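Trainee: I'd like to ask you about the structure that follows.
The values are calculated or read from the model by the stated rules, or taken from the named source; none is laboratory data. Everything quoted here is computed from the prediction, not taken from an experiment. Cβ: placed from backbone, ideal geometry, glycine included. Neighbour counts: every protein chain shown.
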Amino acid sequence: MAAAPPGIVLGVESVGRLLRLLLRENAVVHEYEAVLGGVPADTAELLRPLVDDALRVRARLDERRRREAELAALYETAGDLSSLRDLEAVLQAIVRRARALLDTDAAYLMLNDPVRGDTYMRVTDGIRTDAFKRGRLALGAGLGGLVAKTGVPYNTADYLNDRRFEHTVDDMVGGEGLTTIQGVPLTLGNKVIGVLFAANRDHRGFSSQEVALLISLANQAAIAIENATLFEDVRRAVDELTEANAVIQAHSESIERAAALHERLTTIVLDGGGMSDIAGTLAEFLGGSILVLDPRGRAMAAAGEDPVVERTRVEGALPRSWPPEGAVREAFVLSTDSRRTRRVPSDSGGATVCATPIAAGGEALGVLVLLRDRVGASHVRSLERAAQVTALMLLSERTVAEAEHRLRGEILEDLLGSPHRDPEGLRRRAALMGLDLDKPCTVLTARCRDGRHRRRIADAAAPFAVRAGGLAGEYRGNVVVLLPGDGDGAGAAARAADPAETARDLAEHLAKSLDAPVTVGAAAASATGVDPIVEAHRDAARCLDVLLALGRDGEGASPTELGVYGLLFHKTGRDELRRFVDRTIGAVLEYDARRRSDLVRTLLTYFACDGNLNRTAAALYVHVNTLYQRVDRITALLGPQWRHSDQALQVHLALKVHSVLSTE
């Protein structure tokens, strides 16, 4: 077999080299051109079309590989969008892929700020300077601002010398060294939300295919932003719904708890329970300590183990040293228009103090206090609901007390007044109130000097009388207490046979209840029946008047303890006593009446200060010289001996008798 001509052999070898270059994929153009070297001219001429075809095949393969890479990048971006766990990561991936696919020095993405009306840098890749990464552009300024404003892709091959747009950030771009820049808009519908850029630091431009790829990536970025916004809106809505559901559930549970508490408290009221039952139920239900206080801070009931509750139980009122001055004290300021619940941390002990007024019809009836480590909204609502029930109980008790007060007043009016039309009926009605008129009685009368607090005195005296099996009420300006005097019981009942001791007990009890001095006169009935009680009441009332006339406010006594002033209880000696007063100090009384002077009060103060002129002047709030003038006037009226020995005693006694007689 004949050997092939050398030209043919070279041609076959050259074709093989071309095929191997195509298989390598990364062969460069000069390697294809090198195939024509080393062969005869005629063979090279024959191989020229083959080399050109191989280069065209290589170009198509490159284009296909480029498109495959672009499609892969778009596919990966779509995959990122489908997961969308991190918008920042998705946008960073888009910018990074744009830079890789276009083989640029840098890529970056800017977003429009609708609040500030400009566009700002969102993510970058290949950017070196911090100033560029933090850059902002006014809409219409720079290449990015132009694209953001018009929504049209723009590119420049020489940014710093391009006059198609406003140059406001040349220092930033120049500092980064960028020359060739391509920007495409991120659009959602007809709205431009930002710009995606690819940039080089040399004058290498961008083909139409590269611009199309950049636009595709920009569209993906816009979709990512929209999806992220929608996802965030949905997540926010879900969070809000979850929170609202939790609030509704908590509110529902709170309402159920409040309803259960209200039912328990209502049951207590209907079953005739008292404040202690309410306090105990609240302490158990709310898991804290409870104080029920009247408007003056005195304890009506207490429950719980807090030290303040213990002190309140012992002292009978809110401790004076608690709550401390400051924010906590405000929780206890009650007024007729104060209905707010106050919740403040305690300055001592660490517990939170929550106080709500017990009010009805604009009237402050007291305050309900919760002491607990932490006080929530549900505790506040429960406390306010309990305050309403407590107010109803107090109003109910007041209504009953008012009815009993009227009944006691009616019985006292019928008993102490005259004539007695139905003594048997009176005995039966008194028995209904627990008073046996067929037993010996002690009668006590009580009053403040200024006549105030009569109703409060009667309310405070009622339990004192009930404990002794007696009766208390108002009668003709005084509070009257009738106590059985058989001495069979304990306490006040056992001591009722001693009117003076009973009067002191009642005066002490009333003073503690009112925080004010209350004077009490007492007298024992000489026998059983209505008439002796009436006579004993007159003696007790007269004793009360004498005590007040003598300035013995807040004391309790019986007529036998008044000494010489006890003579004033006997009407037969009244005229003689008046003549005694006229003989002794009549001139002073006449002088005061005629001149409207103050010599009688000066004399009383003088004897009260044991004759010390300086103390007397201080007590009268006058200068000592003025007192000397008054003493001289008294000496001129009564004679020089009025300040000495028996004469001084007579003058002092006459002044006291005059004070007592003046009360009639």
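Trainee: From the list Ala302, Ala222, Ala237, Ala244, which one is buried (at least 19 other Cβ atoms within 10 Å of the Cβ), over 22 Å from the mean Cα position of the chain (by Cα) and farther than 28 Å from Asp373 by Cβ? Outline the logic, then answer.
Mentor: Details: Ala302 fails: farther than 28 Å from Asp373 by Cβ; Ala237 fails: buried (at least 19 other Cβ atoms within 10 Å of the Cβ); Ala244 fails: buried (at least 19 other Cβ atoms within 10 Å of the Cβ).
From the options Ala302, Ala222, Ala237, Ala244, the qualifying one is Ala222.
Trainee: Return the only residue of Val115, Val152, Val169, Val195 being buried (at least 20 other Cβ atoms within 10 Å of the Cβ), without any contact (Cβ under 8 Å) to a residue 40 or more places away in the chain and not acidic (Asp, Glu).
Mentor: Val169
Trainee: Still on this structure, I have one more. Quick one: which residue in Asp125, Asp170 is modelled with pLDDT under 90 and acidic (Asp, Glu)?
Mentor: Of Asp125, Asp170, the one residue that is modelled with pLDDT under 90 and acidic (Asp, Glu) is Asp170.
Trainee: Of Gly288, Gly304, which residue is on the phi > 0 side of the Ramachandran plot and in contact with a Leu (Cβ under 9 Å, 6 or more places away or on another chain)?
Mentor: Of the residues listed, the single one that is on the phi > 0 side of the Ramachandran plot and in contact with a Leu (Cβ under 9 Å, 6 or more places away or on another chain) is Gly304.
Trainee: Please give the number of the condition Glu45 fails out of (1) under 17 Å from Leu214 (Cβ atoms); (2) at pLDDT 70 or above.
Mentor: (1)
Trainee: Next up: Within the bounds of the stretch 89-103, is there any residue that is outside any helix (DSSP H, G or I) and either more than 60 Å from the chain's Cα centre (by Cα) or at pLDDT 85 or above (or both)?
Mentor: The answer is yes; a qualifying residue exists.
Trainee: Being under 18 Å from Phe206 (Cβ atoms) and within 60 Å of the chain's Cα centre (by Cα) is the filter here, so list the residues in the stretch 151-164 that pass it.
Mentor: Scanning the stretch 151-164 gives Val152, Pro153.
Trainee: Just the residues that are assigned to a helix (DSSP H, G or I) and modelled with pLDDT under 80, please, taken from the stretch 542-560.
Mentor: In the first step, residues of the stretch 542-560 are kept if they are assigned to a helix (DSSP H, G or I); the result is 542-549, 559-560.
Result: Ala549, Thr560.
Trainee: Does Leu196 qualify as being within 12 Å of Ala98 (Cα to Cα) and either of a type outside the set (A, V, I, L, M) or at pLDDT 85 or above (or both)?
Mentor: yes
Residue-wise test of (1) charged (D, E, K, R); (2) touching a strand residue (DSSP E or B) at 6+ places or on another chain (Cβ under 6 Å).
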| site | (1), (2) |
| --- | --- |
| Pro423 | no, no |
| Arg428 | yes, no |
| Asp436 | yes, no |
| Cys441 | no, yes |
| Thr445 | no, yes |
| Cys448 | no, no |
| His453 | no, no |
| Ala460 | no, no |
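Trainee: Please list, ordered by residue number, the strands (runs of 3 or more DSSP E) wholly in the stretch 305-399 having 3 or more residues that are modelled with pLDDT under 60.
Mentor: In the stretch 305-399, 342-345 are the strands (runs of 3 or more DSSP E) which contain 3 or more residues that are modelled with pLDDT under 60.
Trainee: May I ask you to list pairs of residues, at least six apart or on different chains, whose Cβ atoms are under 7 Å apart, with the first in the stretch 615-636 being charged (D, E, K, R) and the second being assigned to a helix (DSSP H, G or I) and surrounded by 14 or more Cβ atoms within 10 Å (Cβ to Cβ)?
Mentor: Arg630/Leu599; Arg630/Thr602; Arg633/Leu599
Trainee: Return the residues of the stretch 247-287 that are under 22 Å from the mean Cα position of the chain (by Cα) and basic (Lys, Arg); say none if nothing qualifies.
Mentor: Matches in the stretch 247-287: Arg257 only.
Trainee: Assess whether Ile278 counts as being assigned by TED's automatic domain parsing to the domain that holds Asp373 and of a type in the set (Val, Ile, Thr).
Mentor: So Ile278 fits the description; yes.
Trainee: I want to confirm something. Restricting to the stretch 623-644 and keeping residues that are assigned to a loop (DSSP other than H, G, I, E, B) and at pLDDT below 90, which single residue is farthest from Ser597 (Cα to Cα)?
Mentor: Per the criteria, the residue is His644.
Trainee: Filter the stretch 601-625 down to residues that are closer than 20 Å to Ala549 by Cα and of a type in the set (A, V, I, L, M, F, W, C) and give me whichever is surrounded by the fewest Cβ atoms within 10 Å (Cβ to Cβ).
Mentor: Here the residue is Ala608.
Trainee: Condition check: touching an Asp or Glu at 6+ places or on another chain (Cβ under 9 Å), surrounded by 22 or more Cβ atoms within 10 Å (Cβ to Cβ) and modelled with pLDDT under 90. Does Ala458 satisfy that?
Mentor: Yes, satisfied.
Trainee: Any idea how many residues of the stretch 496-527 are surrounded by fewer than 16 Cβ atoms within 10 Å (Cβ to Cβ), over 20 Å from Arg467 (Cα atoms) and out of contact with any Pro (no Cβ under 6 Å at 6 or more places or on another chain)?
Mentor: 3
Trainee: Quick check on the stretch 267-296: of everything there that is among the small types (Gly, Ala, Ser), assigned to a loop (DSSP other than H, G, I, E, B) and touching a helix residue (DSSP H, G or I) at 6+ places or on another chain (Cβ under 9 Å), which residue is surrounded by the most Cβ atoms within 10 Å (Cβ to Cβ)?
Mentor: Result: Gly288.
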